[in-house]
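Only one structure is covered here, and it is reproduced in the block below.
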Amino acid sequence: MSPAPSSATPGPQTLFPPNGLRIRRIRFGEYDIETWYDAPFPEEYAAIPDGRLWMCEYCLKYMKSRFSASRHQTKCKVRHPPGDEIYRDGKISIFEVDGRKNKIYCQNLCLLSKMFLDHKSLFYDVEPFLFYVMTETDDMGAHFVGYFSKEKLSPKNYNVSCIMTLPVRQRQGWGNLLIDFSYLLSKKEQRAGSPEKPLSALGALGYKNYWTLSIMRYLRHAPLNPRLEGMTIRYVFPFISTDNDAQISALRLP
């Protein structure tokens, strides 16, 4: 383990202090990250030393102590998420992980995300879901950045069930990339795409930012003096998405 942990990016932990949480911080790779919410880890993890949970950033196994984590680090041969690598651009990769085929990994991923999402409710019933895990690769391996999940069969054509970027990776554009990829998957599947409603406060902020940028990109390449009066959303965004609600919300800027 790295002897000098990096601090987490400031976020909602300033609004939701970790006092009273069973797990107050996690050691994830080189980072010490303060948690925002409690997660349903086994009861034996309720009194771990210093309230710090140790997690392997590659296989997501969680442990109680530095000693256990160090032993695991010498034995763990995993250097990237399970499943199929379906996207690569330089150092950035996205892996599609089946909740049925990789149940333990996906359950641990849900527990990880619960520590940073207040509305997260899925932890153990992961088999009906696909998980899309984004990583950044260096000589050590593929480092976890964030992920989103979606139902394999969604009657309402939801393309995102849950989405999370690690606090230390936030405010760097990773969330927009995850959202963009979810819509690209919907286009490939030739179906409408929209995240599950209602969105969390952070989720709504992320989608509003994404669609604001999408609208700005459209206007940048639109004809001179474009007029939106009388145009349909599908006309303005014929190749972006069919998520009309999100587009309309972004158009209602203050």
Provide the FRET efficiency to the nearest 0.05 for the residue 213-residue 50 pair, computing r from the beta carbons and using R0 = 45 Å.
0.65
Please report the accessible area of residue 57 (heavy atoms, 1.4 Å probe, ligands and nucleic acids excluded) in Å², nearest 10.
40
1.4 Å probe accessible area per residue over the range 55-203, in Å²
49
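The values are calculated or read from the model by the stated rules, or taken from the named source; none is laboratory data. Here the structure is a predicted model, which means the values were calculated and not measured. Cβ coordinates were reconstructed from backbone atoms using ideal geometry, including for glycine residues, and neighbour counts include every protein chain displayed. Remember, those area values only see protein heavy atoms, side chains included, never the ligands or the DNA or RNA. Shrake-Rupley method; radii C 1.70, N 1.55, O 1.52, S 1.80 Å.
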